[in-house]
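Novice: Attaching a single structure in structure tokens format; questions to follow.
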């Protein structure tokens, strides 16, 4: 059995990859994917902790994170569609003024 | 097994942020999500592994791909353009610093994982039973709130993505710079106008003029 520490290391690496991607990429869709990476890193960590402490709460929290991630993606992609309809070639830098 | 899953996850994650084509990024994301699902299976979280595959790989990534195809943005992003000078090295430095910080904390930590163990003893054979008891027992209020949240998300998505009859026309990319410049000029003139209703009105008029000139630029191009 692999030590739970390695799960935490994996979660940390995955989270920071997501952070770097969010800062580097300019395509809003890819930025959303990086947010998903960060959420998954947290999920890995939560399950590892829950397993180590014999507590089902970790897995319950992951369940709620999944629901919130789904809602977030739905609303975020709707915003992307609305922005792209007005500015078809926009990247994240082109919508910095919060005005149509 | 853990090492294999970790390699799948990390290579997929690197692929997401390195791939130039958004479609490739989405497919690498699927790889990462399947790796995480495998990790869940290794940790006896079978229900979460199934939900991970169904909800994430089955619904969320499909939604991503659908939007990519709908908008026709599946073109290669030029990663050589760096809009903010020094952004990319800074991001890598911050990422390395964050990883270093977390690993340092992990190494310094004396115990593996601290915290009180559950009083009910080790988790039973069936994680589904345990999760059901937890969600519909301790967290039933939060569970109902997620129902409200999903309803709000659906309504919000419909409102946001609906094509209204009065929707403005798309603006070609060549007119972006003029539009932004006009908006900035309008904002500055509004800011420099000093108090009073009359000057505020002037500011509003300047804003309208700015938008008109942007529209003119669009017509010319």
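Coordinate-derived values only; no laboratory data. All values derive from a computational prediction rather than experimental measurement. All Cβ positions, even for glycine, are placed from backbone atoms using ideal geometry, and neighbour counts span all protein chains on display.
Novice: Restricting to segment A:1-25, and then to whatever is part of a loop (DSSP other than H, G, I, E, B) and within 7 Å of chain B (Cβ to nearest Cβ), can you tell me which residue is farthest from residue A:53 (Cα to Cα)?
Specialist: Per the stated criteria, the residue is A:25.
Novice: Tell me which residues, restricted to segment A:54-89, are at the interface with chain B (Cβ under 7 Å from one of its Cβ atoms) and within 19 Å of residue B:133 (Cα to Cα).
Specialist: If the condition is that a residue be at the interface with chain B (Cβ under 7 Å from one of its Cβ atoms) and within 19 Å of residue B:133 (Cα to Cα), then A:54, A:55, A:56, A:57, A:59, A:60, A:62, A:63, A:64, A:66, A:67 are the ones that fit.
Novice: So which of B:43, B:52 ends up being facing chain A (nearest Cβ under 7 Å), within 27 Å of residue A:56 (Cβ to Cβ) and without any contact (Cβ under 8 Å) to a residue 24 or more places away in the chain?
Specialist: B:43
Quick grid of which residues meet (1) buried (at least 20 other Cβ atoms within 10 Å of the Cβ); (2) touching a helix residue (DSSP H, G or I) at 6+ places or on another chain (Cβ under 8 Å); (3) over 20 Å from residue A:66 (Cβ atoms):
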| site | (1), (2), (3) |
| --- | --- |
| A:5 | no, yes, yes |
| A:9 | no, yes, yes |
| A:18 | yes, yes, no |
| A:21 | yes, yes, yes |
| A:33 | yes, yes, no |
| A:36 | yes, yes, no |
| A:46 | yes, yes, no |
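Novice: Assess whether residue B:61 counts as being touching a residue at least 40 places away in the same chain (Cβ under 8 Å) and within 20 Å of residue A:25 (Cα to Cα).
Specialist: So residue B:61 fails the test.
Novice: Out of all the residues in segment A:46-53, is one or more at the interface with chain B (Cβ under 7 Å from one of its Cβ atoms) and under 15 Å from the mean Cα position of the chain (by Cα)?
Specialist: no
Novice: Next question, about the same structure. On the basis of being facing another protein chain (nearest Cβ under 7 Å) and part of a helix (DSSP H, G or I), does residue A:42 make the cut?
Specialist: Criteria not met by residue A:42.
Novice: If you don't mind, there's one more thing I want to ask. Would you confirm, using the coordinates I've provided, whether residue A:42 is buried (at least 21 other Cβ atoms within 10 Å of the Cβ), in contact (Cβ under 8 Å) with a residue 24 or more places away in the chain and touching a helix residue (DSSP H, G or I) at 6+ places or on another chain (Cβ under 7 Å)?
Specialist: It is false that residue A:42 is buried (at least 21 other Cβ atoms within 10 Å of the Cβ), in contact (Cβ under 8 Å) with a residue 24 or more places away in the chain and touching a helix residue (DSSP H, G or I) at 6+ places or on another chain (Cβ under 7 Å).
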